[in-house]
Amino acid sequence: MASPAESSRRREEDRTPSPSRSSSSRPSKCRTAAERLTDDLLVEVLSRVPAKSLCRFKCVSNHWLSVIDHPDHRKKLPQTLTGFFHGSSNLEDWILESPVLFTSVSPSPPMDTSFAFLPNHQQFDLLDSCYGLLLCRLYNVSAEVGKCHYVVCNPATEKWVLLPDSGQDSVNACLGFNPALSSHFHVFELVEEQDNYISGVAVYSSETGVWVYKENRWNKRVMLIELQPSFVFLNGYLHFQVDGHDFSRYLAVVDTDGETWMNFSVPGGLLNGFIQHSQGRLHYANFQRDEHGGVFRLVVYVLENYQSKEWTLKHSVETSYILGRTDYCIDGFDWIAIHPECNLIFFTIGQELKLMCYNMDRRQLKVICNLEGVTPPYLSYVPLYAELEALHI
């Protein structure tokens, strides 16, 4: 028979958890709040965090990693930039395969660029991308020469919809979509006059299924300034760079209803800059000579608000640090993207078209790969696994 002291010692040992006991086998009272969450509740919580934070949460535990990466949870969880669609200059790609290529910049499932789910998938151009949706120009080989239609598709779900004809003659079209605000998308057509000035904008709404045309209300004549213009859809507005009839550069802005029209100057009067949206704000990147006139710098500005039309300098670095020379006139340089969630800038450089990534926070430059044999436009891609009623065959 054990003594009272020995019995007390044994009871104390029974209450003391073993160091080797795993957290999953611990009684529920000993687990943390996060460990007591069911997978469904964990996914519900993680669906409300930014994509940048979600990537960090993969390091919490193996269980969290498996939950986040599970295919069944992708529809609810935010996704981040996985890479870029672009064209191919290889004639064999156009004849034997899809003329579309994809370059990955983060771990992601393999991307099928054949677009075999589209009709006449070997006869199309990629025009724009926005939050996981792609805008394509689909050519009908059985119809009259030059006849084409717009298609909006989701490569992740292989769902697509054919848009009706707008009745306008346009060579520039772009996509507006934000799943956080609406499950519907808009397509914008910039209608140009014979002298290339924009006469108006036609907007298609997937909610109404019709095009609406509105004449230019910018109170000035403007034209696109780039052969491959960059369009940014942010806060319900389409943004793009234009040249005014007074030879000044502006940002033109129009909303999805064609009711709000704005234009404002680019920061510092800079020419041929690059606009993107990142972390919920409009960014403008360009090269600028310093006040002493001897050094060029890569500068990034952020638009604070639409009322004041004020730009704030976010980042500045000498071109010699990232390009290896004091100017920016270098073969193969082209803007690619600014990361939608992080302070990263992607661009190409050199005859071999090296894809570079510059980290503004760490001031570090990284070579990703060579892009020889590719052609613009370069379209950023963030997968969207949710099903949209607006997309149907």
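The values are calculated or read from the model by the stated rules, or taken from the named source; none is laboratory data. Bear in mind the structure is a predicted one, so any value in this text is a computation, not a measurement. Neighbour counts run over all protein chains shown; Cβ positions are idealised from the backbone, glycine included. Ligands, DNA and RNA are excluded from the accessible area calculation, which covers all protein heavy atoms including side chains. Shrake-Rupley method; radii C 1.70, N 1.55, O 1.52, S 1.80 Å.
Of all GluC sites (Glu not before Pro) in segment 320-379, which ones are in loop regions per DSSP and have a Cβ with at most 14 other Cβ atoms within 10 Å? Don't skip to the end; give the middle numbers.
On the way: sites: Glu341, Glu352, Glu372; in loops: Glu341, Glu352, Glu372.
For GluC sites (Glu not before Pro) across segment 320-379 that sit outside H, G, I, E and B with at most 14 neighbouring Cβ atoms in 10 Å, the list reads Glu352, Glu372.
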- On the accessible surface of segment 290-330, probed at 1.4 Å, how many percent belong to carbon and sulfur atoms? 47
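Taking 22 Å as R0, compute the FRET efficiency from the Cβ-Cβ separation of Tyr139 and Glu372 and round it to 0.05.
0.25
Which value results for Rg/Rh of segment 104-238 when Rg is the Cα radius of gyration and Rh the Kirkwood radius based on the inverse mean 1/r? Don't skip to the end; give the middle numbers.
Numbers: Rg = 15.7 Å, Rh = 16.2 Å.
Rg divided by Rh gives 0.97.
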- Determine the gain in length on full extension of the stretch Ser182-Gln351; use 0.36 nm per residue of separation and subtract their C-alpha separation, reporting nm with one decimal. 56.7 nm
- What FRET efficiency do you get for Asp195 and Ala116 if R0 is 45 Å and r is their Cβ-Cβ distance, rounded to the nearest 0.05? 0.65
- Message: With a 1.4 Å probe and all protein chains left in place, how much accessible area per residue does segment 99-232 have, in Å²?
- Response: 47
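For segment 263-393, how big is the tail of P(r) above 26 Å, as a whole percent of Cα pairs? Please report the intermediate quantities before stating the final value.
Working: 2463 of 8515 pairs.
That tail contains 29 percent of the Cα-Cα pairs.
By per-residue mean of other Cβ atoms within 10 Å, what is the highest-first order of 362-371, 383-392, 232-241? The partial results should precede the final answer.
Working: 362-371: 13.1, 383-392: 16.2, 232-241: 20.1.
My ranking of the peptides, most packed first, is 232-241, 383-392, 362-371.
How long are the three semi-axes of the equivalent ellipsoid of segment 78-379, in whole Å, if each is the root of 5 times an eigenvalue of the C-alpha gyration tensor, listed from largest down? It would help to have the intermediate numbers written out before the result.
Numbers: eigenvalues 181, 131, 65 Å².
Listed largest to smallest, the semi-axes of segment 78-379 are 30, 26, 18 Å.
Loop-only check: which trypsin sites (Lys or Arg not before Pro) in segment 243-342 are DSSP coil with at most 12 other Cβ within 10 angstrom? Walk me through the intermediate numbers first.
Numbers: sites: Arg249, Arg281, Arg289, Arg297, Lys309, Lys314, Arg325; in loops: Lys309, Arg325.
Those satisfying the criteria are Arg325.
Between Asn235 and Asp334, what FRET efficiency follows from the Cβ-Cβ distance if R0 is 22 Å, with the result rounded to 0.05?
Working from the Cβ atoms, E equals 0.25.
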